[in-house]
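The values are calculated or read from the model by the stated rules, or taken from the named source; none is laboratory data. Predicted, not measured: the structure shown is a model, and the values here were computed from it. With ideal geometry, Cβ positions are generated from the backbone for all residues, glycine too; neighbour counts draw on all protein chains shown. Side chains included, ligands, DNA and RNA excluded: accessible areas come from the protein's heavy atoms. Shrake-Rupley method; radii C 1.70, N 1.55, O 1.52, S 1.80 Å.
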Amino acid sequence: MTIQFNDETFYDDFTFRNSERAIRRFPFPFHEDSYMYSVNLEPHLSLRPGSVYEKTFDVDEHYVSEMRDRARVLSDDPLRCQSLPHMTLAGWDLLELIMVEKAKDYPDLFELHRAGDRWHWINKPLGIEQKFTFLDETTLPCGPMEYITRQAQGDFALLDHRDDNLWMDAGMVTTQADWSLDFDIGMNFYEWHAPVPKAHELGVFQRALKFLLNLQQGAPVRRLNWTMTVNPLLDTSPENYHKWGVQKTSVTSENVGSKYHLRVELQTLFRLPRSNALAFPIRCYLIRLEDLVTVPKWGRRLHRVLRDLPEELATYKGFIRNRPMIVGYLSQFDDGAETSPGIWPD
């Protein structure tokens, strides 16, 4: 296999690590030295060989361990995966999308053989081989959305398009940044975005919804979102806040560089062909601050962004308590030099 997969954990002993290559290809989210909410959608086209934007669904060194962590979370809380009855067809759409794209982009890792509705799927990293009949749920061990998202990094929401709105009516959500599928299931676009400060008054979500309702099949889009996480936790769900929230108190000025992680979501949106639903994959990437600052441009810029971020946004992003320590740590990597435009390392 062309990718060397890490054996790592995202809980308890936290053995997660990024290789040098993973650090350099991290999706740094700030194109300038300040930040404010925006729609910031762009076409999801292949960009920069080796980057997280090259393939439709990025597969990296964390794949096998992330799938093991997903199985662990689902075993503890099966409600992290839910699908309302009318969303089954959208689940098949998603299964097709992921299988086709992964087999095309990573032929050494995944294979898909199709003879009419008789399909044969091979996932080499996870040791899975499945023959099934497309659109026949009885030929899979679980529903189509659950089956394929147990084998795909990141969270997935399926959004039903009706009444000039989008409704979160299905999802696999085990790596979320402090939101709950069980709470949001059945909500519309405005309802599940209600907690976000400033964006509503700026008209961000009105513009975003108008754009997404007109999204066409074959023209997917993407954007980046971000927050901060203590320790390399994938599962920062409200359901488990009692486990991870207290970890914020473990941060000191001595360990802030190793404890705090920038958490970036590569969010993509696809119009699905049969159901007309939208697939909303949300891929989470983590990088500890001491690794991030090895890219000088990123260290300078993150210091300036977090230092100047409005208090309500720092609160919403979940790091207001420890912002002085984070900014203090990052300040030693900001020499005041001008940063170049864009997100890429110099």
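Please find, within the range 16-39, the residue that is surrounded by the most Cβ atoms within 10 Å (Cβ to Cβ) out of those that are more than 19 Å from residue 300 (Cβ to Cβ) and under 16 Å from the mean Cα position of the chain (by Cα). Ranking the qualifying residues of the range 16-39, first place goes to 25.
Taking first residues from the range 300-323 that are open to solvent by 10 Å² or more (accessible area, probe 1.4 Å) and partners that are part of a helix (DSSP H, G or I) and modelled with pLDDT under 90, no Cβ contact under 6 Å between residues at least 6 apart in sequence or on separate chains turns up. Residue 141 is checked against (1) assigned to a helix (DSSP H, G or I); (2) open to solvent by 50 Å² or more (accessible area, probe 1.4 Å); (3) not aliphatic (A, V, I, L, M) and fails just one. What number does that condition carry? For residue 141, the exception is condition (1).
Contact map, the range 190-215: first residue of a type in the set (Phe, Trp, Tyr), second residue open to solvent by 80 Å² or more (accessible area, probe 1.4 Å) and modelled with pLDDT of 80 or more, Cβ cut-off under 7 Å, separation 6 or more or different chains; pairs are 205/190.
Of all the helices (runs of 4 or more DSSP H) wholly in the range 10-116, which have at least 1 residues that are under 28 Å from residue 317 (Cα atoms) and at pLDDT 95 or above? Walk me through it before giving the result.
On the way: elements: 20-24, 63-76, 88-105.
Output list reads 20-24, 63-76.
Scanning the range 296-335 for residues that are outside any helix (DSSP H, G or I), under 19 Å from residue 28 (Cα atoms) and of a type in the set (A, V, I, L, M) yields a single hit, 309. Each residue in the range 99-121 was checked for being free of Cβ contacts under 8 Å to residues at least 24 places away in the same chain, within 26 Å of residue 46 (Cα to Cα) and buried (at least 16 other Cβ atoms within 10 Å of the Cβ), and 5 pass. Among the residues of the range 259-278, just one is touching a strand residue (DSSP E or B) at 6+ places or on another chain (Cβ under 8 Å), outside any strand (DSSP E or B) and either surrounded by fewer than 20 Cβ atoms within 10 Å (Cβ to Cβ) or β-branched (Val, Ile, Thr) (or both), namely 276.
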